[in-house]
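The values are calculated or read from the model by the stated rules, or taken from the named source; none is laboratory data. This one's a predicted model, so the numbers in the text were calculated from it and none came from an experiment. When we count neighbours, we look across all protein chains shown, and the Cβ atoms used for this are built from the backbone with ideal geometry, even at glycine. For the accessible areas, the whole protein counts, side chains as well, though only heavy atoms, and no ligand, DNA or RNA atoms are used. Shrake-Rupley method; radii C 1.70, N 1.55, O 1.52, S 1.80 Å.
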Amino acid sequence: MKKNQYQFHKGDCIKVLKTLPEKSIDLIFADPPYNLQLKQELYRPNQTKVDGVTDDWDKFLSNREYDEFTTNWLGACRRVMADTATIWVIGSYHNIFRVGKIMMDLGFWILNDVQWYKTNPMPNFRGARFTNATETLIWAKKSEKQSKYTFNHQTMKQLNNDKQMTSVWQIPLCTGQERIKNAQGKKAHSTQKPEALLRRVILSSSHTGDVVLDPFSGSGTTCAVAQKLGRNSIGIEKEEAYIKISEKRLKNIKADDFKQLQITEPEKKSLVRVSMKQLVQGRYLKTKQMLYTKNKKHSVIVLADGNVRNGVGVGSIHQIGALFKKTESCNGWMFWYYEKQGKLILIDECRKKYRAVECL
């Protein structure tokens, strides 16, 4: 796809996904049917009827049928995900626990569960339960072994007043002018998500020019936000009416109108690589100097070549640290300490001093 392009495919997402190239998608956002299984109509205290989700696409004969459907579409999504891709799936208490279990069974590795806290939730009119003010988003990579995926940490900090973004997102429901209406003035789609929610998802886990897929694109919110943020997008939708709404929505987007929505991911500072041998040669650490674990339970001796020695053997600070931790890997810079005036100081501080003096 060329930059800033979008496509809509009409049809069952499981069938359409099989036609897409393997490993061609950088990010997936899925808002599947919730399988609400509403048993009766709901009315407000003033006896006006609540416009709930009664669409045919949300109806399943049983939980077993829903689980089979979920397994099939998630499996089809996994096939098209690039080796660096991630997937977001949103749901309510009706379905998200079933979805999460199936994702894990298929081999997905969950990175976070994000709680969308709706600042303007619909009240529980009968007063028989707590007001449902949250929905859950599961963010996952293809497998536990997947080593690389996109997470724009600094971008999220920019959106959160320079503080780490938490897994609770306070965003209002889609209302007002943003809510798309049909010719009768009613909601065109019963579960339209707010653009602010998709903006956060897309900015956090994709880059400009990436391909974003929504297998249940509905009124086109994912594709619309992707377009505004400089991403390519693919939407899959069964209902012809929703596709027409989506195409009209995206055709009316003007790129220059939404530059303020885009946030540039700050460039990561490229730090000069520093070795233990350099620290010894520069006398930031001394040969035969003792290094300790934080509790001083273990210690090693620094050798002239930058390795360390202990009764367990000779090796790098990382290798010997991993032996003590009984793990496959260890960041030795954050594991070993040297002692100065009775205080233990991380050897990473020596590395910082070396960079500040020797790498100007």
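Points worth noting:
- Filter result for residue 358 (surrounded by fewer than 14 Cβ atoms within 10 Å (Cβ to Cβ) and either touching a Cys at 6+ places or on another chain (Cβ under 9 Å) or in contact (Cβ under 8 Å) with a residue 60 or more places away in the chain (or both)): yes
- If you go through segment 301-326 and keep only what is open to solvent by 80 Å² or more (accessible area, probe 1.4 Å) and assigned to a helix (DSSP H, G or I), you end up with 319, 323, 325.
Each row is one residue, and each column tells you yes or no for (1) in a helix (DSSP H, G or I); (2) loosely packed, with under 13 Cβ neighbours inside 10 Å; (3) modelled with pLDDT under 70; (4) not small (Gly, Ala, Ser).
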{"residue": "2", "(1), (2), (3), (4)": "no, yes, yes, yes"}
{"residue": "8", "(1), (2), (3), (4)": "no, no, no, yes"}
{"residue": "20", "(1), (2), (3), (4)": "no, no, no, yes"}
{"residue": "39", "(1), (2), (3), (4)": "no, yes, yes, yes"}
{"residue": "46", "(1), (2), (3), (4)": "no, yes, yes, yes"}
{"residue": "53", "(1), (2), (3), (4)": "no, no, yes, yes"}
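- All conditions in (1) open to solvent by 40 Å² or more (accessible area, probe 1.4 Å); (2) at pLDDT 90 or above; (3) polar (S, T, N, Q) hold for residue 222, with the sole exception of (1).
- In segment 181-194 there is at least one residue matching the filter, namely being of a type outside the set (S, T, N, Q), closer than 19 Å to residue 33 by Cα and in a strand (DSSP E or B).
- Pairs meeting the criteria (first residue in segment 175-189 and open to solvent by 100 Å² or more (accessible area, probe 1.4 Å), second residue among the hydrophobic types (A, V, I, L, M, F, W, C), beta carbons under 8 Å, at least 6 apart or on different chains) are 181/188.
- Positions within segment 327-347 being loosely packed, with under 15 Cβ neighbours inside 10 Å and either part of a helix (DSSP H, G or I) or hydrophobic (A, V, I, L, M, F, W, C) (or both), in sequence order: 334, 345
- Of all residues making up segment 126-150, the number that are farther than 17 Å from residue 201 by Cβ and of a type in the set (A, V, I, L, M): 2
- The criterion of at least 2 residues that are open to solvent by less than 70 Å² (accessible area, probe 1.4 Å) and closer than 18 Å to residue 215 by Cβ is met, among strands (runs of 3 or more DSSP E) falling completely within segment 56-172, by 81-91, 134-141.
- Considering segment 289-300, and only residues there that are outside any strand (DSSP E or B), open to solvent by 40 Å² or more (accessible area, probe 1.4 Å) and touching a strand residue (DSSP E or B) at 6+ places or on another chain (Cβ under 8 Å), the residue that is nearest to residue 334 (Cα to Cα) turns out to be 294.
- Scanning segment 102-126 for residues being within 24 Å of residue 22 (Cα to Cα) and more than 12 Å from the chain's Cα centre (by Cα) gives a total of 7.
Results for (1) modelled with pLDDT under 90; (2) β-branched (Val, Ile, Thr); (3) under 26 Å from residue 79 (Cβ atoms); (4) open to solvent by less than 10 Å² (accessible area, probe 1.4 Å), shown as yes or no for each residue.
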| residue | (1), (2), (3), (4) |
| --- | --- |
| 198 | no, no, yes, yes |
| 208 | no, yes, yes, no |
| 218 | no, no, yes, yes |
| 226 | no, no, yes, yes |
| 253 | yes, yes, no, no |
| 257 | yes, no, no, no |
| 261 | yes, no, no, no |
| 264 | yes, yes, no, no |
| 268 | yes, no, no, no |
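- Matching residues, segment 316-360, being at positive phi and more than 34 Å from the chain's Cα centre (by Cα): 341, 342
- Neighbours by Cβ (under 7 Å, 6+ apart or cross-chain): first from segment 284-303, farther than 13 Å from residue 317 by Cβ; second of a type outside the set (A, V, I, L, M, F, W, C) and open to solvent by 70 Å² or more (accessible area, probe 1.4 Å): 284/353
- Which numbered condition residue 297 misses (of (1) at pLDDT 95 or above; (2) farther than 16 Å from residue 348 by Cα; (3) not aromatic (Phe, Trp, Tyr)): (1)
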